[in-house]
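The values are calculated or read from the model by the stated rules, or taken from the named source; none is laboratory data. In this text, all values refer to a predicted model and were calculated from it rather than measured experimentally. Here Cβ is always computed from backbone atoms with ideal geometry, including for glycine, and neighbour counts include all displayed protein chains. Note: areas computed on protein heavy atoms with side chains; ligands, DNA, RNA excluded. Shrake-Rupley method; radii C 1.70, N 1.55, O 1.52, S 1.80 Å.
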Amino acid sequence: ASSLGEISGPVRFGVIGTTGRWLVPMLLSQLADQHPKVKLVVVDATTTSLLPQLASGTLDLAIVNLPAENPDVDAEPLFDEEHVLLLTKEHELADRKRIALGDLGDVPLLLEPPGTGFRDDLETDARRAGVTLTPQAEVDGMRLLASLAYQGYGAAILPASAVVEWSDGTWTAVPLEGTTPRCVGLATPRRGHQSAPTRATIDVLRTLISDAVPHRQGLRLPTGGAA
């Protein structure tokens, strides 16, 4: 089939929820147009769950938070994204146009747990700003954190892509200053040979990212564009 230009076969694709929410619909549509015989199996999970699956070969590729600290996984940056503070309109900080991380020392926050890349990076930024973050709750999962913030449980520090493009007027997302942008990348198993369907999926992903990221608020391509 490959010699005839028809790429076919399954691809096991992992993706963090915040990116998958807007990327997967485009990926499914583009693959259907360009490679209709490629069958994509999507696994929505956190980076801490996806990396071991890549290392073991359970997944063919994944979109994860970087750095991907696993000796059996290769990774490349795809895009960077800024942080926001997601909160309801009733929150005391809701009327702010921007807020600095250094102003959040006494504010209870919805955060990922220590040991996750996102939380560890935030703690590094907080130490630089001279503040200690106060967890109201710790949840390993950006989409659940966002859901809790939308429902008024508390204020959540999130990457920009975790925020939906529509609003019912009950919440707001305030740009957060003083944080290091989160890097999101493409990760693949270091061992083994990539199949033709996997290589085709990676090519489509890179093109989609390069085209879509410049038009999404709070996201930007790394220097030199997506690899």
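Kindly provide the set of residues from the stretch 101-129 that are in contact (Cβ under 8 Å) with a residue 40 or more places away in the chain, charged (D, E, K, R) and open to solvent by 60 Å² or more (accessible area, probe 1.4 Å), ordered by number.
Matches in the stretch 101-129: ASP121, ARG128.
Can you tell me how many residues in the stretch 47-64 are surrounded by 21 or more Cβ atoms within 10 Å (Cβ to Cβ) and in contact with an Asp or Glu (Cβ under 9 Å, 6 or more places away or on another chain)?
Of the stretch 47-64, the ones surrounded by 21 or more Cβ atoms within 10 Å (Cβ to Cβ) are 47, 50-51, 54, 59-64.
Now narrow it down to the ones that are in contact with an Asp or Glu (Cβ under 9 Å, 6 or more places away or on another chain): 51, 54.
Counting residues in the stretch 47-64 that are surrounded by 21 or more Cβ atoms within 10 Å (Cβ to Cβ) and in contact with an Asp or Glu (Cβ under 9 Å, 6 or more places away or on another chain) gives 2.
Go through the residues of the stretch 2-13 one by one and say whether even a single one is surrounded by fewer than 14 Cβ atoms within 10 Å (Cβ to Cβ) and modelled with pLDDT of 95 or more.
Of the stretch 2-13, the ones surrounded by fewer than 14 Cβ atoms within 10 Å (Cβ to Cβ) are 2-6, 10.
Pick out the ones that are also modelled with pLDDT of 95 or more and you get 10.
Looking through the stretch 2-13, at least one residue is surrounded by fewer than 14 Cβ atoms within 10 Å (Cβ to Cβ) and modelled with pLDDT of 95 or more.
Just to be sure, is VAL73 touching a Pro at 6+ places or on another chain (Cβ under 7 Å) and among the β-branched types (Val, Ile, Thr)?
The answer is yes for VAL73.
Restricting attention to the stretch 171-186, does a residue exist that is out of contact with any strand residue (DSSP E or B) (no Cβ under 7 Å at 6 or more places or on another chain), in contact (Cβ under 8 Å) with a residue 24 or more places away in the chain and hydroxyl-bearing (Ser, Thr, Tyr)?
yes
Counting just the residues of the stretch 176-227 that are of a type in the set (D, E, K, R) and assigned to a loop (DSSP other than H, G, I, E, B), which one comes out surrounded by the fewest Cβ atoms within 10 Å (Cβ to Cβ)? Break it down into steps so the answer makes sense when it comes.
Initially, the stretch 176-227 is screened for residues of a type in the set (D, E, K, R), giving 177, 182, 190-191, 199, 203, 206, 211, 216, 220.
Okay, now just the ones that are also assigned to a loop (DSSP other than H, G, I, E, B), so 190-191, 216.
Values: ARG190: 13, ARG191: 11, ARG216: 14.
Selected residue: ARG191.
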